[in-house]
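A.B. asks: First the structure, which I've put down as C-alpha cells, then a few questions once you've had a look.
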Amino acid sequence: MAERNPQSGFAIRKTLFVWFAMAIILVVASMLYIGSTGRPRFIDRNLLPSEKALSVYEIATSHLKNTTQFQSNNCNPEDAILKLYMYDLPPEFHFGLLDWKPEGDSVWPNLHRKIPNYPGGLNLQHSIEYWLTLDLLSSTDPTRPNPCTAVRVTDPNQADLIFVPFFSSVSYNRYSKVIPPEKISLNKKLQQNLVKYLTSREEYKRSNGRDHVILAHHPNSMLDARSVLFLCVFILSDFGRYNPNVANLEKDIIAPYRHLAKTNINDSAGFDDRPTFLYFRGAIYRKEGGNIRQELYYLLRNEKDVEFGFGSIQANGINKASQGMHGSKFCLNIAGDTPSSNRLFDAIVSHCVPVIISDDIELPFEDFLDYSEFCIFVRAADAIKEGYLMGLLKGVGKERWTAMWERLKEVDRYFEYRYPSVRDDAVQMIWKALARKVPAIRLKVNRLRRYQRFGRGLKESADDGNFPIISGF
C-alpha cells in the first residue's frame, strides 16, 4: 500500500476551508442586498406634503412615535367592519381639484410616490374628503399599518356602502366663481356632471342612492345637487343650511372640523396654570343666528380675566388663537353663520373646556360620546342675561374643571385627522359612525326590493327618471 502524503491532506483541508469561507461571504452579502432592496414602507416622511401647504402633518405626525394607538400590524380586509365600493371618478372630481395631474390611465395618485398637497389656511377645516379618500385608497395595500375599520372592495355587490369621492368642499372654496366666457362656475358644472354620472349607474338605481355616501362638509357645498341626491348619506358639519327633508340625523353623519389650533401635546397646564378665565377670538358681527356673538361681546368685554376680541386667520391669527386657548380655562363656542365652527375642535385639542352656546348644534359621534363630560352647554336665551354666564362658570370650581380637563385629554384623539390614520382618530370614527348606519340602510333598501323582480319595480321606475320618494328617509 502506498504511504499517505501528509502535505496532500493539508492541501485538501485548506481548499475546503477556502470554499467554506467564500460560501459564508456570499450568503451574508446576499442577505444585505435583499435587505437593501426590499419593499419600501407604505409612506416615506420625505414624501409628505410640505408644511406650508398642509400644516396638519406637523401636528399629525409629531406624536405618532409616542402613541400606543399606532398599529404596526398589517390590515386584513376580512377584519374590516365596513366594506365600501368607491367609484373611479375622473380626477377632475377629486385630486385634480388640488392641481394633481394623473399619470397614464390612472385616475388615482400613487401614494408610494407622492401625496397631493391640500390647500392650507381655512380650507383645512373642511378637508374630510381628502382624509377619507386617502384612507380608502390605501386600505388594500398590504404594507399599510392602518386599522382595519373600512376597506375598499372591487365588487359593489360585496359593499355595505358606495363611496362617492367628490371633493365638494374644495370645489366650492376654489371654483365657485364664474370665469368668462363660461356661463356657470366649475363648481356648479361638476355637480351637474356628478348627478348625471350617479343617476346613470346601476349601483345608484338599485337603491335610488340610499346606500351612497356623499361628502358635503362645507355648509355651501353641493348646493345645486343636494336636493336631487337627498336620499344619499351625507357627511356634514351641521344641518344649519339644510332642509330637514334633505339632511337629518336619521340618515346622515356629522363629522368634526379639522382643527386649526395646535394640539396641546403632553399638556400639564392645569387650572392654576391658565391665567385667562374665558376666551373667545373670532368674528363678532355675524349674520343669521350669529347675532348673539355681538350681544355677548358687550356683556363680557370688561369682565376680569376674560379675553373676548376680534380675530381672523390673518396676521398669524391661528398661532395667536392656539396660544390663547392653551392659556385659558374656558373657551366660548358661539353660534355664527351656522350652528357649528372649527372653534369647538380647536378648544378640545387645546384642552380648554368648551362653553357651547348654540341651540341648534349637532355634534359628531354623540351616540358614542357624552359631551357633557367635557363641555358646558348654555342656552342662548340664558347666556345673554346679565351676569348669568360668568356666574355659571365661576360656580364650576377647580375640582369639576380638572375632571373635564382630564376627559378632554382622553377624547382629543377622536378629533384628529391623520394620514396614515391610526386607531380611534377622526377618520376611523367616521367609518364607525357610517357602519352603525348600515343596518337601517339595508332594511330600507331590502324593503324597496320586495317587488323589484315582479311587475313594475324600482329598477324600471328609476330608468324612467321617476325616482320613488319614501317618506322619513
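A.B. asks: Could you list, in sequence order, all residues of segment 94-110 that are open to solvent by less than 10 Å² (accessible area, probe 1.4 Å) and part of a helix (DSSP H, G or I)?
C.D. replies: Phe95, Leu97
A.B. asks: Follow-up question, since we're still on this one. List pairs: first residue in segment 189-211 and closer than 15 Å to Pro165 by Cβ, second residue open to solvent by 30 Å² or more (accessible area, probe 1.4 Å) and aromatic (Phe, Trp, Tyr) anywhere in the structure, Cβ distance under 8 angstrom, at least six positions apart or on different chains.
C.D. replies: Filtered contacts from segment 189-211: Leu190/Tyr175; Glu203/Tyr85.
A.B. asks: Also, I was wondering about something else. Which of the residues that make up segment 155-186 are open to solvent by 10 Å² or more (accessible area, probe 1.4 Å) and assigned to a helix (DSSP H, G or I)?
C.D. replies: Correct list: Pro156, Asn157, Gln158, Tyr172, Asn173, Arg174, Tyr175, Leu186.
A.B. asks: Any chance segment 299-311 includes a residue that's within 19 Å of Gln125 (Cα to Cα) and at pLDDT below 90?
C.D. replies: Yes, segment 299-311 has at least one match.
A.B. asks: Continuing with this model, one more query. Identify the single condition in (1) modelled with pLDDT of 95 or more; (2) closer than 26 Å to Ile254 by Cα that Ala60 does not satisfy, given that it satisfies every other one.
C.D. replies: (1)
A.B. asks: Please enumerate the residues belonging to segment 367-386 that are touching a residue at least 40 places away in the same chain (Cβ under 8 Å), aliphatic (A, V, I, L, M) and closer than 20 Å to Ile292 by Cβ.
C.D. replies: Ile376, Ala380, Ala383, Ile384
A.B. asks: Keeping to segment 111-149, report how many residues are open to solvent by 20 Å² or more (accessible area, probe 1.4 Å) and at pLDDT 95 or above.
C.D. replies: Adding up the residues that qualify gives 2.
A.B. asks: Something else: Just checking, does segment 246-256 include any residue being free of Cβ contacts under 8 Å to residues at least 12 places away in the same chain and open to solvent by 10 Å² or more (accessible area, probe 1.4 Å)?
C.D. replies: Yes, that holds for at least one residue.
A.B. asks: For segment 352-371, which residues satisfy the criterion of being buried (at least 22 other Cβ atoms within 10 Å of the Cβ) and farther than 23 Å from Val306 by Cα?
C.D. replies: Matches in segment 352-371: Pro364 only.
A.B. asks: With (1) crowded, with 20+ Cβ neighbours inside 10 Å; (2) within 22 Å of Glu366 (Cβ to Cβ) as the list, and Glu410 as the residue in question, which single condition is left unmet?
C.D. replies: (1)
A.B. asks: Out of curiosity, is Glu129 within 18 Å of the chain's Cα centre (by Cα), of a type in the set (D, E, K, R) and within 24 Å of Gln192 (Cα to Cα)?
C.D. replies: yes
A.B. asks: Which one is surrounded by the most Cβ atoms within 10 Å (Cβ to Cβ) among residues in segment 299-351 that are of a type in the set (Lys, Arg), touching a residue at least 24 places away in the same chain (Cβ under 8 Å) and not in a helix (DSSP H, G or I)?
C.D. replies: Checked segment 299-351; the qualifying residue surrounded by the most Cβ atoms within 10 Å (Cβ to Cβ) is Lys329.
A.B. asks: Scan segment 190-239 for residues that are in a loop (DSSP other than H, G, I, E, B), crowded, with 20+ Cβ neighbours inside 10 Å and aliphatic (A, V, I, L, M) and jot them down.
C.D. replies: Scanning segment 190-239 gives Ala216, Met222, Ala225, Leu229, Leu231.
A.B. asks: Being under 19 Å from the mean Cα position of the chain (by Cα) and open to solvent by 60 Å² or more (accessible area, probe 1.4 Å), is that true of even one residue in segment 380-392?
C.D. replies: No, segment 380-392 contains no residue that is under 19 Å from the mean Cα position of the chain (by Cα) and open to solvent by 60 Å² or more (accessible area, probe 1.4 Å).
Residues are listed down the side, and each one gets a yes or a no for (1) in a loop (DSSP other than H, G, I, E, B); (2) at pLDDT 95 or above; (3) closer than 23 Å to Thr263 by Cα:
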| residue | (1), (2), (3) |
| --- | --- |
| Leu369 | yes, yes, yes |
| Ser372 | no, yes, yes |
| Asp382 | no, yes, no |
| Leu389 | no, yes, no |
| Leu393 | no, yes, no |
| Glu399 | no, yes, no |
| Leu408 | no, yes, yes |
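The values are calculated or read from the model by the stated rules, or taken from the named source; none is laboratory data. Keep in mind the model is a prediction, meaning the values are calculated, not measured. A quick note on method: Cβ atoms are made from the backbone with ideal geometry, for glycine too, and the neighbour counts reach across all protein chains shown. Surface areas here come from the heavy atoms of the whole protein model, side chains and all, with no ligands, DNA or RNA. Shrake-Rupley method; radii C 1.70, N 1.55, O 1.52, S 1.80 Å.
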